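Peer 1: Sending over a structure as structure tokens; questions will come in a sec.
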Amino acid sequence: MLFSSALERLARLCSILGGLLMTGLMLMTCYSLIGRNVFDTALIGDFELTGIGSGAAIAFFMPLCQFKRDNIIVDFFTANRPAAFNFKLDRFGDFLMLIIFFLLAWRCGVAAINAKETQGASMLLGFPDWIVFTSMCIPFTLTAFIAAMQTLSSFNPEAEVTA
């Protein structure tokens, strides 16, 4: 239980960081639009920062989404199945999420190393690509770890159905 509490706190912290990042992007976009339309001045590279920040923010929302099991579930075919069947199916889904996020974290880590070695950067601002990949690798790793814990969970399938 203590382990689950620590994972939840980390997932919530990631989500807060994602929210702060999205808020910053929204404020930057408003500043850019007002500057462009009212004062005839543009914020150079705003679209680059929006793309970079949005990708990182989405990654930061993933751990809490996985922790709460708030992914899209289509239960049309399984609504009338026994709880034990749905429990096993949910654990299989958790295992698939583990694989997906492990691969995402691994490839983001490899991309971060490659971008650091090649000094890859965005076109207008020269923003280092390795920072973007690293910022996505960390929450993807946490999401994979949460999915692993959920895959190995041994909680009561009847309790999950009623909750």
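Please treat every number below as a calculation from the coordinates, not as lab data. As the structure is a computational prediction, the values presented were derived from the model and not from experiment. Methodologically, a virtual Cβ is constructed for each residue, glycine included, from the backbone with ideal geometry; neighbour enumeration extends over all protein chains shown.
Peer 1: When the Cα centres of the range 1-73 and the range 76-128 are compared, how far apart do they sit, in Å?
Peer 2: 17
Peer 1: Stretched out fully, how many nm does the piece from PHE95 to ASN80 gain, at 0.36 nm a residue minus the Cα gap?
Peer 2: Full extension from PHE95 to ASN80 adds 3.1 nm.
Peer 1: Which helices count as membrane-span-like in the chain under these terms: full DSSP H, at least 18 Å along the axis by C-alpha, Kyte-Doolittle mean of 1.0 or more?
Peer 2: 2-38, 46-67, 129-151
Peer 1: With contacts defined as alpha carbon pairs under 8 Å and 6 or more residues apart, what's the relative contact order of the chain in percent?
Peer 2: Averaging sequence separation for qualifying contacts and normalising by length gives 28 percent for the chain.
Peer 1: Rounded to the nearest 0.05, what FRET efficiency do PHE39 and LEU103 have when you use their Cβ-Cβ distance and R0 = 41 Å?
Peer 2: 0.35
Peer 1: Moving on to the next point. Ranking request for peptides 10-18, 78-86: highest mean number of other beta-carbon atoms within 10 Å first, then the rest in descending order.
Peer 2: Descending packing order for the listed peptides: 10-18, 78-86.
Peer 1: What is the gain in length, in nm to one decimal, between ALA6 and THR118 on full extension, counting 0.36 nm per residue of separation less the C-alpha to C-alpha distance?
Peer 2: 36.7 nm
Peer 1: May I pose another question? Quick one: which of 114-125, 89-100 comes out on top by average Cβ neighbours within 10 Å, and what's the full order, highest first?
Peer 2: By packing density, highest mean first, the sequence is 89-100, 114-125.
Peer 1: Hey, with R₀ at 41 Å, roughly what FRET efficiency would LEU152 and LEU125 work out to, going by the Cβ-Cβ distance, to 0.05?
Peer 2: Result of the calculation: an efficiency of 0.45.
Peer 1: Taking 7 Å along the Cα-to-C-beta vector as the label spot, tell me the MET28-VAL110 distance in nanometres, rounded to one decimal.
Peer 2: Each label point lies 7 Å from its Cα, and together they span 2.8 nm.
Peer 1: Using Cβ-Cβ distances only, list the Cys residues of the chain with no partner cysteine under 4.7 Å, sorted by number.
Peer 2: CYS14, CYS30, CYS65
Peer 1: Semi-axes of the equivalent ellipsoid of the chain: what are they in whole Å, largest first, if each equals the square root of 5 times a C-alpha gyration tensor eigenvalue?
Peer 2: In descending order the semi-axes read 37, 19, 13 Å.
Peer 1: Please state the charge dipole magnitude for the chain, taken about the Cα centre, from unit charges on C-beta atoms (+1 on K and R, -1 on D and E), reported in debye and rounded to the nearest 20.
Peer 2: Charge dipole, the chain, about its Cα centre: 240 debye, nearest 20.
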